[in-house]
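Asker: Provided herewith is a single structure, encoded as structure tokens, for subsequent inquiry.
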Amino acid sequence: ARRNPDEPEFQQAVLEVLDDLSPALTRHPEYAEQRILERLCEPERQLMFRVPWRDDQGQVHINRGFRVEFNSALGPYKGGLRFHPSVDLGVIKFLGFEQIFKNALTGMNIGGGKGGSDFDPKGRSDAEIERFCQSFMTELHRHLGEHTDVPAGDIGVGAREIGYLFGQYRRLANRWEAGVITGKGLEWGGSRVRTEATGYGSVLFTQRMLERVGKALDGQRVVVSGSGNVAIYSVEKAQHLGATVVACSDSAGYVVDDKGLDLDLLKQIKEVERERISVYAERRVGARYVEGGSVWDVPCDVALPSATQNELDADAARVLVRNGVIAVAEGANMPTTPEAVQVLREAKVLFGPGKAANAGGVATSVLEMRQNARRTSWSFQHAESELAETMSDIHDRCEEAAERYGAPGDYVLGANVAGFERVASAMLAQGLI
Ligand code: NDP
């Protein structure tokens with residue numbers, strides 16, 4: 001804490017991992033000798049830069065840009081960019097730190113990194129977004145490359161922003177280097193299923209957890225938080241698997257639709273019109289909107305927090321348990337507070353941590369890079385079956401590690417240990433750097 005003051009989210013993410021690692025360190029004294037943990041907690045490089053841009057009225061704005069290149073022992077830095085007013089160095093460091101373990105868990109060759117800006121895209125015109133993205137990339141481009149650092153989207157950065165960012169990179173580098181960024185449009189190097197991957201993956205992970213205890217998603221009542229990229233495709237996959245998704249939210253409130261959410265309407269409002277979730281209740285008979293409040297008050301069997309960090313606290317967890325929740329999987333990064341995780345663990349609720357449950361997005365990004373390298377493009381079906389296999393492997397890696405360390409069914413411990421072992425052994429093999 002002394003070394004990283006004013007970075008509560010980063011401290012939280014580190015403590016959460018360290019808590020689970022002592023048995024692994026006892027088993028591997030060489031990790032302690034080589035100070036692997038201290039090295040892991042210190043980013044290899046962190047960049048902060050000015051992002052000046054002009055709004056539609058000609059006014060000048062100055063934002064701050066970040067890229068934390070955390071660890072490249074397993075491959076080029078890989079992790080998304082977040083545009084949200086709450087972004088600061090501590091938030092980017094927490095996300096970058098988690099990304100190291102998540103990427104290790106995929107079994108693929110990618111290191112961990114994360115970036116973004118405190119820019120608020122809400123209410124900005126297309127032209128303003130374009131100018132901001134161009135200014136942001138004007139500085140960032142010199143640090144990127146398909147073998148160096150490969151960003152993608154996150155909160156506030158979707159297909160539109162990736163387009164502007166890639167365009168500016170291509171112009172500055174004078175090179176059409178598809179592998180430098182993922183989440184691209186299908187016509188210019190993108191992969192089928194990348195848009196759906198994080199949400200689909202978190203639901204597939206949930207399905208695997210349920211199967212392990214002889215249950216399935218079919219017939220379950222599901223609540224999802226958020227209504228962005230991860231939330232929408234979690235709804236879609238849960239519906240495909242026979243669940244009824246009865247609620248979703250945004251930062252202003254939530255909607256409840258007991259008949260099950262109308263996915264086409266949800267996509268129209270969020271993806272096409274970029275409107276607030278309250279509009280859903282205005283247009284859908286039988287649905288209601290609750291301003292403020294907690295979406296976790298809506299009774300469900302399965303909860304999928306898919307909005308942002310620390311959105312599900314101990315009180316919310318108690319409500320979920322009281323209402324009989326059987327599984328919780330984190331579509332978002334660190335949405336469940338440590339106290340809430342404790343409540344869920346004690347109540348024996350199946351709990352999929354974000355590092356494992358939401359790794360489908362980054363895994364499909366690697367599939368995108370593979371297609372780019374081979375100058376090919378897979379069908380939806382092929383990309384989706386690769387995703388399903390990856391999620392199943394991630395699940396099994398967590399399960400295996402949890403068993404090996406005497407905590408069967410503890411996916412938090414399993415994810416932390418399995419991710420750590422892979423990065424630590426690569427760091428050890430590569431010497432003191
Ligand atoms: P989007 O920007 O598409 O959507 C974010 C959603 O979360 C919006 O509905 C937004 O509501 C809501 N939200 C954001 N901040 C808050 C807040 N402070 N309180 C309540 N709701 C909030 O982002 P994504 O769907 O891409 O990302 C969601 C989460 O998933 C993040 O934690 C991200 O790191 C994680 N993730 C994303 C991946 C991806 O591939 N996209 C991969 C792995 C993890 P509003 O519009 O009101 O702000």
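Asker: Which percentage, to the nearest 5, of the DSSP beta bridges contained in the chain is antiparallel?
Answerer: Here the antiparallel bridges make up roughly 55 percent for the chain.
Asker: Whole number please: convex hull volume per residue, Cα atoms of the chain, in Å³.
Answerer: Convex hull volume per residue, Cα atoms: 138 Å³.
Asker: Still on this structure: For a protection proxy built on the mean count of beta-carbon atoms within 10 angstrom, sort 393-399, 111-117 highest first, please.
Answerer: 111-117, 393-399
Asker: Next up: Would you mind putting 243-252, 379-388, 50-59, 142-151 in packing order, based on average other-beta-carbon counts within 10 Å, highest first?
Answerer: 243-252, 142-151, 379-388, 50-59
Asker: Amide H of G75: which non-local residues (sequence gap of 5 or more, or other chain) have their own amide H closer than 5 Å, using H built in the peptide plane?
Answerer: G111
Asker: Given contacts defined as C-alpha pairs under 8 Å and at least six residues apart, what's the relative contact order of the chain, whole-number percent?
Answerer: Rounded, it is 16 percent for the chain.
Asker: I need the shape label for the stretch 123-202. Rule: rounded when a/c is under 1.5, else prolate if a/b > b/c, else oblate, with a, b, c from the alpha carbon gyration tensor.
Answerer: Oblate, because a/c is 1.5 or more while a/b does not exceed b/c.
Asker: For the stretch 308-433, give the magnitude of the charge dipole about the Cα centre (Cβ charges: +1 Lys/Arg, -1 Asp/Glu; no others), in debye to the nearest 20.
Answerer: 240 debye
Asker: Could you sort 152-158, 99-105 so that the peptide with the highest average Cβ count within 10 Å comes first and the rest follow in order?
Answerer: Taking the mean over residues of other Cβ atoms within 10 Å, the ranking is 99-105, 152-158.
Asker: Using +1 on the beta carbon of Lys and Arg, -1 on that of Asp and Glu, and nothing else charged, what's the dipole of the chain about the Cα centre, debye to 20?
Answerer: I would put it at about 860 debye.
Asker: Among the trypsin sites (Lys or Arg not before Pro) within the stretch 337-382, which fall in a DSSP loop and have no more than 16 other Cβ atoms within 10 Å of their own Cβ?
Answerer: Passing both the DSSP loop test and the Cβ count: K348, R374, R375.
Asker: Over the stretch 41-178, what relative contact order in percent results from Cα pairs under 8 Å that are six or more residues apart?
Answerer: Once normalised by length, the contact order is 27 percent.
Asker: Once you order the gyration tensor axes a ≥ b ≥ c over the Cα atoms, which shape class does the stretch 195-352 get: rounded for a/c under 1.5, otherwise prolate or oblate by comparing a/b with b/c?
Answerer: prolate
Asker: Across the stretch 1-146, how large is the tail of the calculated P(r) beyond 28 Å, expressed as a percent of all Cα pairs?
Answerer: Tail of the P(r) past 28 Å holds 27 percent of the pairs.
Asker: Rounded, prolate or oblate: which fits the stretch 246-296, taking a ≥ b ≥ c as square roots of the Cα gyration tensor eigenvalues, rounded meaning a/c under 1.5, else prolate when a/b beats b/c?
Answerer: oblate
Every number here is computed from the coordinates shown, using simple stated rules; none is lab data. Note that the coordinates shown come from a computational prediction; the quantities given were computed from them, not determined experimentally. Backbone-built Cβ (ideal geometry, glycine too); neighbour counts: all protein chains shown.
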